[in-house]
Amino acid sequence: MENTLPLQGIKILDFSTYAAAPICAMTLADWGADVIKIESLSGDMFRFFGFIMACPVQDDDNIQFELDNRNKRGISLNLKTDEGKEIINKLLQTADVLVTNYRPNALTSLGLDYETVSGKNPRLVYAYLNGYGDAGPDKEKPGFDLSAYFARSGILVEMPEPGNPPLPALAGFGDHPTGTFLAGGICAALLQREKTGRGCKVQTSLFNTALWNLQLNIAAANNNAHLTDEEYNKIRTKRKQPRSGLMNTYQSKEGRWITVMALEYNRYWKPFAELVLGRPDLADDPRFNNQTAGFQHGEELAAIIDETFGSLTEHEIVTRLKKADIAHEVNLRWKELKNDIQALENGFIIEHKMPSGRTDWIMGNPVRFNGEKTSIRRPAPRLGEHNDEILSDLGYSAEKITAWRANMIIK
């Protein structure tokens, strides 16, 4: 398995904290890179994030940290000391990529800003991730996915139906795509290095990723910016007043929510009316028999579908939708996903034994090579777990490593 992974032989230094940038490094590790996570003596604060998510937070059982730091080795350094700086500079000389999300002033004080690092190792790809980008008044502003991704982009206030308060944010939902995008940029920079012999700076941000992901919605808002909020709210899709009744979510008799996604209204209206609703009389109804009319009468159609679906079981609804060949999906609860056959067969979710021996579940990398599922070659490192191994590889003696540990240079 390892021999087929495309980034085997590439060394990545992961000098980052919390989620988005470590996710980038984890993605590269999943793809075969040798990733070394560099932490302070107190460790990445994300090691304690499990408390917020009501998950275990032990050295040998920390699923939240495991998800974003698997397949890495780990070293802990006191970078405020000359010895700590010497070690990281030596690591940089052997690395292909540095991934970081520390704020610019902190990086400059440590001598780890792009200009300094690239001057010492011109072949290094320097990957930087922050909240708001490299320019503008907020370039130094701290950013997490709750603030920079969800709040600044408008997701929290635009997603609820009009009149409702902002939604609560989903943990890590902005971090994961942002980190994965940066991983893709790093691979492009490594390819460019093969042509030019030089590395470069690759950068992305949570705010940028949010706007990229929302571009269809932002374009719609911009093209209706002349409307008042009251006018705009009338044309926004709502569950009981959808733009299209065939692109909406309805509830079954036993309370399961089922999403219908018939994007091509004119193609699917007749089979939907006849096979799903069991209402052949509606197939040629002028209120619904073409897209323009159906959109004009979306509220009426949604009420009809609500009534029909509310009288049927989930199984009956799904059977009818399959017969009509209409895209649909049952809305699962997160706790159900570990039993989803499709997810299991494809390795989208993987049963995983924690170092404690307890079984948990991790998500497979969304990119696969040659059909191979994500391989968990090693668990997330304990704080400083690989200090001796990594320092020995750099040529330091066992005696020096022991002395550094005694002097709190390393963990």
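The values are calculated or read from the model by the stated rules, or taken from the named source; none is laboratory data. The shown structure was predicted, so the numbers you read here are calculated from the model rather than taken from an experiment. Because the Cβ atoms are built from the backbone with ideal geometry, glycine has one as well, and the counts that use them run over all protein chains shown.
Things to note:
- If you go through region 137-166 and keep only what is outside any helix (DSSP H, G or I), among the small types (Gly, Ala, Ser) and in contact (Cβ under 8 Å) with a residue 40 or more places away in the chain, you end up with Gly143, Ser153, Gly154.
- Candidates Ala169, Ala219 - the one that is assigned to a loop (DSSP other than H, G, I, E, B) and out of contact with any strand residue (DSSP E or B) (no Cβ under 9 Å at 6 or more places or on another chain): Ala169
- Here Ile376 meets the list (1) over 20 Å from the mean Cα position of the chain (by Cα); (2) within 30 Å of Asn78 (Cα to Cα); (3) in contact (Cβ under 8 Å) with a residue 12 or more places away in the chain almost entirely, failing just condition (1).
- Every condition in (1) buried (at least 16 other Cβ atoms within 10 Å of the Cβ); (2) modelled with pLDDT under 95 is met by Lys373 except one, and the failing one is (1).
- Scan of region 299-332 for residues that are among the β-branched types (Val, Ile, Thr) and either touching a helix residue (DSSP H, G or I) at 6+ places or on another chain (Cβ under 8 Å) or in contact (Cβ under 8 Å) with a residue 12 or more places away in the chain (or both), ordered by number: Ile304, Ile305, Thr308, Thr313, Ile317, Val318, Ile326, Val330
- Scanning region 13-47 for residues that are touching a residue at least 60 places away in the same chain (Cβ under 8 Å) and assigned to a strand (DSSP E or B) returns Leu13, Asp14, Phe15, Ile36, Lys37, Glu39.
- The combined condition, being in contact with a His (Cβ under 7 Å, 6 or more places away or on another chain) and surrounded by 12 or more Cβ atoms within 10 Å (Cβ to Cβ), is fulfilled by Ile362.
- Check on Ile75, touching a residue at least 60 places away in the same chain (Cβ under 8 Å), within 30 Å of Pro6 (Cβ to Cβ), part of a helix (DSSP H, G or I) and of a type outside the set (Asp, Glu): no
- Some residue of region 333-348 being surrounded by 13 or more Cβ atoms within 10 Å (Cβ to Cβ), in contact (Cβ under 8 Å) with a residue 40 or more places away in the chain, outside any loop (DSSP other than H, G, I, E, B) and of a type in the set (A, V, I, L, M, F, W, C): no
- Within region 271-288, the set of residues being within 40 Å of the chain's Cα centre (by Cα) and assigned to a loop (DSSP other than H, G, I, E, B) comprises Leu277, Phe288.
- Residue in region 279-290 that is among the hydrophobic types (A, V, I, L, M, F, W, C), touching a Lys or Arg at 6+ places or on another chain (Cβ under 6 Å) and surrounded by 13 or more Cβ atoms within 10 Å (Cβ to Cβ) present: yes
- Test: Ala221 is surrounded by 12 or more Cβ atoms within 10 Å (Cβ to Cβ) and either under 29 Å from Tyr149 (Cβ atoms) or in contact with a Gly (Cβ under 9 Å, 6 or more places away or on another chain) (or both): yes
- Filter result for Gly395 (within 26 Å of Cys55 (Cα to Cα), loosely packed, with under 13 Cβ neighbours inside 10 Å, of a type in the set (Gly, Ala, Ser) and more than 21 Å from the chain's Cα centre (by Cα)): no
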